[in-house]
Amino acid sequence: MAGHHADHRADVKAEKASDVPRIALNSGYDIPQLGYGVFKVPPQETEKFVSEALEIGYRHIDTAAIYDNEEGVGAAIATSGIPRDEIFLTTKLWNDRQAGDEPRAALEESITKLGVDYVDLYLVHWPAPDNGQFVNAWRHLAALSEGDAIRSIGVSNFLPEHLEKIHAETGVLPAVNQIELHPAYQQRDVVAWCADHGVHIEAWGPLGQGKYDLFGVPAVAAAAAAHRHTPAQVVLRWHIQKGNIIFPKSVNPHRLRENLDIFGFALSEAEMAAIDALDPGDGSGRVSAHPSEVH
Ligand SMILES: NC(=O)c1ccc[n+]([C@@H]2O[C@H](COP(=O)([O-])OP(=O)(O)OC[C@H]3O[C@@H](n4cnc5c(N)ncnc54)[C@H](OP(=O)(O)O)[C@@H]3O)[C@@H](O)[C@H]2O)c1
């Protein structure tokens with residue numbers, strides 16, 4: 001992309017952004033496999049951190065209406081000078097907007113707060129099965145995706161039973177399912193359903209949200225020492241090699257850079273298998289809410 005007039009810094013940025021692999025979605029669009037997630041990034045600091053992320057080469061931002069920081073994300077995109085179509089932007093429909101025609105109104109509000117003409121990916125944030133509205137929400141997203149305001153649609157925190165239901169009732173498959181996934185909690189049943197149906201996995205909490213000692217376990221620590229990278233980089237690299245789409249959150253400028261710098265080394269099959277083996281298999285590795293608990 002860099003033309004005659006691009007300065008050296010622009011060249012460096014373009015080169016870094018191009019290190020991140022892109023994954024083709026069932027919508028015909030593709031997504032950078034690594035991005036920056038802004039859950040718990042304080043609203044008043046979001047513009048600063050998203051600007052920093054874009055400056056150092058991130059081109060994929062994951063936010064949500066409920067994070068209350070869409071304005072900051074939008075402000076950073078607007079002032080970045082980066083063409084809109086070079087940034088992949090995701091936001092999400094909150095659970096209290098699933099009924100009736102609310103999804104349409106909620107999308108309009110998000111687009112306005114973000115200050116953009118379209119979002120690249122719009123997700124149903126949780127199935128909230130007790131509310132009984134996720135099929136309605138999905139039907140609305142499918143209809144809205146025919147227009148100009150959304151490029152791809154997906155879901156988040158959907159279990160196979162929820163995926164089966166939206167597929168059976170609408171015939172439309174999501175481009176992605178964004179789920180809690182990290183070495184101690186790999187959700188293999190959900191991953192298998194998605195793989196069988198061409199739905200890509202987005203792994204939220206890729207570092208386990210820092211809630212358990214992931215970095216000290218021998219499989220991770222040994223690979224970090226062997227490759228002269230940090231344990232966090234090893235875990236993120238494991239996700240990339242599994243094919244997961246990730247967007248680790250950090251409000252630390254050093255770690256923001258560290259999390260982007262994972263394309264200069266590769267884990268061996270044995271190192272991958274050792275990290276694969278860290279899930280106890282009984283669901284006890286989950287660090288956040290279960291889909292049946294969020295309404
Ligand atoms: N769909 C959903 O329901 C859902 C739920 C949760 C999250 N998400 C999305 O997924 C994104 C990522 O998940 P998450 O934020 O929950 O958890 P995460 O990315 O697994 O973990 C973030 C934590 O790890 C720390 N950290 C980040 N990079 C690090 C590094 N290199 N070394 C050591 N510590 C590091 C961060 O601290 P510092 O900030 O101090 O660096 C923060 O405490 C979110 O931002 C959001 O976009 C979606």
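Laboratory data are not the source of any read-out in this text; all were calculated from the coordinates shown. Quick caveat, the model's predicted, so the values are computed rather than measured. Every residue, glycine among them, receives a Cβ derived from its backbone with ideal geometry; neighbour counts consider all protein chains shown.
Is the C-alpha gyration tensor of the range 6-127 telling us rounded, prolate or oblate? Criteria: a/c under 1.5 is rounded; beyond that, a/b larger than b/c is prolate, otherwise oblate. Because a/c hits 1.5 or more and a/b exceeds b/c, the range 6-127 counts as prolate.
With only the Cα atoms considered, the range 169-295 has a convex hull volume of 133 Å³ per residue. The rule of thumb for compact globular proteins, 2.2 N^0.38 Å, goes into the C-alpha radius of gyration of the chain 0.98 times. For Tyr29, neighbours were defined as the other residues whose beta-carbon sits under 10 Å from its Cβ, and their charges (Lys and Arg +1, Asp and Glu -1) total 0.
Amide H to amide H distances under 5 Å link Tyr36 with His60, Ile61, Asp62, where only residues 5 or more positions off or on other chains count and H is placed in the peptide plane. Loop-located trypsin sites (Lys or Arg not before Pro) in the range 159-213 (DSSP state not H, G, I, E or B) with no more than 14 neighbouring Cβ atoms inside 10 Å: Lys211. Each Lys or Arg adds one and each Asp or Glu takes one away; over the other residues whose Cβ falls under 11 Å from the Cβ of Asn252, this sums to +1.
Secondary-structure-derived ellipticity at 222 nm for the chain, considering helices only, amounts to -12000 deg cm²/dmol, per-run term -39500 (n - 2.57) for DSSP H runs with n ≥ 4. Proximity of backbone amide H atoms, modeled 1.01 Å from N, is registered between Ser27 and no other residue at under 5 Å, excluding neighbours fewer than 5 places apart on the same chain.
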